[in-house]
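To keep things clear, I will list the structure first and then write my remarks on it.
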Amino acid sequence: MSVENCIETLYLKRDNPDEITSSDLKNIPKSFLKYYYLKYLSRIWNLLPIHLQEDKELQQYLRCRRHPYNNGNVHYDGPPPRRIDCRICRNEN
Ligand SMILES: [Zn+2]
């Protein structure tokens, strides 16, 4: 799939992330991913091409499972903070 087809497909599926396949994501530009898919990043992470999974900046937008109470707020409900919002993760970088 060309980059143009990839963008078109992913744009159409942007509200239906469960329909996305790894081949849809094969040529996704990082900027497009950040603009339309950041909120679904954890859901589609394992489908992303390896070079994007290895991207340090994108990894910051995943949820922190190691220090879920370290962004200054208490999370008894709801998802843990993103790594970019986690104090301990931020100090490690
Ligand atoms: Zn953390």
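Scoring Asn71 on the criteria (1) more than 17 Å from the chain's Cα centre (by Cα); (2) at pLDDT 90 or above leaves a single failure, condition (2). Scanning the stretch 51-69 for residues being under 20 Å from Pro80 (Cα atoms) and in a loop (DSSP other than H, G, I, E, B) gives a total of 9. Within the stretch 20-61, track down each residue that is among the charged types (D, E, K, R) and either assigned by TED's automatic domain parsing to the domain that holds Asn5 or touching a Pro at 6+ places or on another chain (Cβ under 7 Å) (or both). Within the stretch 20-61, Asp24, Lys26, Lys30, Lys34, Lys39, Arg43 qualify. Out of curiosity, is Leu48 loosely packed, with under 13 Cβ neighbours inside 10 Å and under 26 Å from Pro80 (Cβ atoms)? Here the answer is no, as Leu48 does not meet what is asked. Can you say whether Pro79 is modelled with pLDDT under 90, within 9 Å of the ligand (Cβ to nearest atom) and farther than 13 Å from Lys34 by Cα, as far as the supplied structure shows? No, not satisfied.
Remark: Lys56 matches the filter, which requires a residue to be modelled with pLDDT of 90 or more and within 22 Å of Glu92 (Cα to Cα).
The values are calculated or read from the model by the stated rules, or taken from the named source; none is laboratory data. Predicted, not measured: the structure shown is a model, and the values here were computed from it. Here the Cβ is made from the backbone with ideal geometry for all residues, glycine too, and neighbour counts use every protein chain on show.
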